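Data first, discussion second: the structure below is written as structure tokens.
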Amino acid sequence: MTDWDDGRTPPAEQTPTMGRLMEQLSEQATRLVRAEIALAKAEAAEKAKRSAIGIGLIAAAVVIILYAVGVLIWAGIIGLAEAWPLWLSALVVGVFLVLVAGIAVAIAVSQLKRVAQRPETVDRVKEDVDTIKKGMHR
């Protein structure tokens with residue numbers, strides 16, 4: 001039976017005192033907390049590494065998608081050029097893309113205006129404060 005931190009075995013007639021047991025408890029709790037913190041740091045570092053790899057792969061996919069969109073736009077222009085002159089095909093596709101971008105911007109602006117407004121909660125809290133003030137003055 002080793003109750004001591006350094007591995008020594010106390011003599012049979014010498015059992016640890018309550019003070020010594022509390023000291024050991026404190027030391028072990030401190031070690032446990034430090035070990036848990038070290039484990040949490042290691043887990044966070046591993047998650048950060050995996051996240052960085054995932055973000056890198058997403059960035060590469062976005063670049064590939066951008067090139068693919070360019071190719072698809074060009075394919076649309078070439079396809080329309082079978083029926084129309086090339087310049088007209090490019091003009092039609094360009095106008096279409098500008099319209100799509102304009103719609104996206106309009107939707108984005110309306111969403112941002114909603115976000116920029118004061119939250120309803122603030123108005124409700126002000127109403128509650130006013131109600132309480134009126135109730136106190138009665």
Q: For Ala48 paired with Gln24, estimate the spin-label separation in nm (one decimal), with each label point 7 Å from Cα along the Cα-to-Cβ line.
A: 3.8
(Q) Starting from 0.36 nm per residue, how many nanometres of slack lie between Glu127 and Ile58 once their C-alpha separation is accounted for? (A) 20.2 nm
Q: Mind checking which lysines have their Cα closer than 27 Å to the Cα of Lys49? Skip sequence neighbours fewer than 8 apart in that chain.
A: Lys41
Q) Based on the alpha-carbon gyration tensor of region 33-79 and its eigenvalue square roots a ≥ b ≥ c, which shape applies: rounded if a/c is under 1.5, prolate if not and a/b is larger than b/c, or oblate? A) prolate
Q | Net dipole in debye of region 10-138 [+1 Lys, Arg Cβ; -1 Asp, Glu Cβ; about Cα centre; nearest 20] | A | 440
Q. Hey, what angle do you get for helix 18-81 against the long axis of the chain, alpha-carbon based, 0 to 90 degrees rounded to 10?
A. 10
**Q.** Theoretical FRET efficiency, 1/(1+(r/R0)^6), r = Cβ-Cβ of Trp87 and Leu66, R0 30 Å, to 0.05
**A.** 0.75
Q. Which angle between 0 and 90 degrees, to the nearest 10, do you get for helix 86-116 versus the longest principal axis of the chain when only C-alpha atoms count?
A. 40
Q: Multiply the residue separation of Leu99 and Ile37 by 0.36 nm, subtract the distance between their alpha-carbon atoms, and state the gained length in nm to one decimal.
A: 16.9 nm
(Q) Once you order the gyration tensor axes a ≥ b ≥ c over the Cα atoms, which shape class does region 25-135 get: rounded for a/c under 1.5, otherwise prolate or oblate by comparing a/b with b/c? (A) oblate
Q. Which value, in debye to the nearest 20, gives the size of the charge dipole of region 91-138 about its Cα centre, when Lys and Arg are +1 and Asp and Glu are -1 at the Cβ?
A. 220
Q: Putting +1 on Lys and Arg Cβ atoms and -1 on Asp and Glu Cβ atoms, find which of Leu57, Val69, Ala29 reaches farthest to the positive end of the dipole of the chain.
A: Val69
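Every read-out reported here was derived from the displayed coordinates using simple, explicitly stated rules and does not represent laboratory data. Just so it is clear, the model here is predicted, and its values are computed rather than measured. So basically every Cβ, Gly included, is an ideal-geometry build from the backbone, and we count neighbours across all protein chains shown.
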